[in-house]
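Participant: Before I ask anything, let me first share the structure, which is written out below as structure tokens.
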Amino acid sequence: MRIYLAPMEGLLDHILRDVLTRLGGVDICVTEFLRVSGSLQPPRSFLRIAPELENGSLTHSGVPVRVQLLGSDPHFMAQNAARLATLKPTGIDLNFGCPAKTVNRHQGGAILLREPERLYAVVSAVRAAIPPDMLLSAKMRLGYDDPHRAVDCARAIRAGGAGELVVHARTKEDGYRPPAYWERIAPIKAAVNIPVVANGEIWTAEDYQRCRDISGVDDAMLGRGAVANPGLARTIKHGQDARVSWSELQPLLLEFWRLVGRHVQVKYRCGRMKQWLNYLRRTYPEAERAYQNLRTVVDPLDLERKLFGACLPRLEIAVDPV
């Protein structure tokens, strides 16, 4: 069984990837998507979403990171994938699941699930443009507004040359509303001869077990569940004794704040910490108290004093992001 850490635009970026993977249990990370339109992106665009590329495409704790691309033009997707390949990511992932209206309006993400032939065109162009030994994976939903072509889409992605497939078990129209339809992953797994990864509504180790039993898939991708419960991957693998306590999480909150201070503009720093605490409230009563105490705080120095107290001198927060 492998546990993947999902991208979450504006939240689960390289900062939180760094922190969460230090706890163990996560085997593979995927970045937020880089939007590909009608141009060839410079190397700095890839490094912006995946600074791990300068560390062998690994997080601080050594977890491999794949870089995700989103787009619908086979030519420019192939060109950008070829350039990305020169930076030696541990894999390239293609996004066919984003439900954002703006993305779909511009023919990206889940909208392509209406036309399996377009999926094939994009995947096959990218596969031909990158080294044969570089892993190409893809992520899809069950469909745009209808799940009945999910198997056709998966087959098109496989035929194009993808070597792994993550399935978010909801359609675009379902958004993120529960439930996730794990039972619809099983026929996809049966239809393609590549590893399939289950995604959607895995908040607890018990959820993972139910997902595995229903879908028949061992590998799972965690998103919001891992943000709300940073020890979820570890607990899935090793049982409840491996759960992360609030006291064990404290050094990682400090490290997260240190990285936020280094990489995030001053006016957004408090928001980033409150955003994570808001998710952590689901697992930790202590996070609920901290969040309520900080809800109205907008000054980073004030937040530091209230949240970290005596630990503050150790943080060395940068004045400006680097």
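Participant: Taking 0.36 nm per residue of separation and subtracting the Cα-Cα distance, what length does fully extending residue 247 through residue 2 add?
Facilitator: On the way: separation 245, 0.36 × 245 = 88.20 nm, distance 2.68 nm.
Taking 0.36 nm per residue and subtracting the Cα distance, the gain is 85.5 nm.
Participant: Taking residue 189 as the anchor, which lysines have their alpha carbon closer than 28 Å to its alpha carbon, excluding any fewer than eight residues away along the same chain?
Facilitator: 139, 172, 237
Participant: Still on this model: To the nearest 20 debye, what charge dipole does region 246-314 have about its Cα centre, counting +1 at the Cβ of each Lys and Arg and -1 at the Cβ of each Asp and Glu?
Facilitator: Dipole size: approximately 200 debye.
Participant: Could I get the Rg over Rh figure for region 246-314? Both from C-alpha atoms, Rh via Kirkwood, rounded to two places.
Facilitator: Rounded to two decimals, Rg/Rh equals 0.92.
Participant: Also: Kirkwood Rh and Cα-based Rg: tell me the resulting Rg over Rh for the chain, rounded to two decimals.
Facilitator: My calculation of the ratio gives 0.97.
Participant: Moving on. Work from the charge dipole of region 246-314 (Cβ charges, +1 for Lys and Arg, -1 for Asp and Glu, about the Cα centre) and give the residue of 249, 287, 261 farthest towards its positive end.
Facilitator: The residue sitting most towards the positive pole is 261.
Participant: Just in region 20-102: which chymotrypsin sites (Phe, Trp or Tyr not before Pro) are loop by DSSP and have at most 15 other Cβ atoms within 10 Å?
Facilitator: none
Participant: What is the local net charge at residue 181, summed over the other residues whose Cβ is closer than 11 Å to its Cβ (Lys, Arg +1; Asp, Glu -1)?
Facilitator: Within the 11 Å Cβ shell, the charges total 0.
Participant: On to the next question. Of all DSSP beta bridges in the chain, what percent run antiparallel (nearest 5)? Walk me through the numbers before you get to the answer.
Facilitator: Working: 2 of 31 bridges.
Taking every DSSP beta bridge within the chain, about 5 percent pair in antiparallel fashion.
Participant: Another question about this same structure. When the dipole is taken about the Cα centre of region 144-285, and only Lys, Arg (+1) and Asp, Glu (-1) are charged at their Cβ, what size is it in debye, to the nearest 20?
Facilitator: Dipole magnitude for region 144-285 comes out near 720 debye.
Participant: Might you report the magnitude of the Cβ-based charge dipole of the chain about its Cα centre, with Lys and Arg at +1 and Asp and Glu at -1, to the nearest 20 debye?
Facilitator: 420 debye
Participant: Please compute the modelled spin-label separation between residue 213 and residue 282, points set 7 Å along Cα→Cβ, answer in nm with one decimal.
Facilitator: 2.1 nm
Participant: How would you rank 248-257, 151-160, 132-141, highest first, on the average number of other Cβ atoms within 10 Å across their residues? Don't skip to the end; give the middle numbers.
Facilitator: Working: 248-257: 17.5, 151-160: 22.2, 132-141: 20.1.
The peptides rank, most packed first, as 151-160, 132-141, 248-257.
Any read-out appearing in this document is the output of simple, stated calculations on the displayed coordinates, not a laboratory observation. None of the values given here were measured: they were computed from a predicted structure. Don't worry about glycine lacking a Cβ; one is built from the backbone with ideal geometry, like all the others, and counts go over all protein chains shown.
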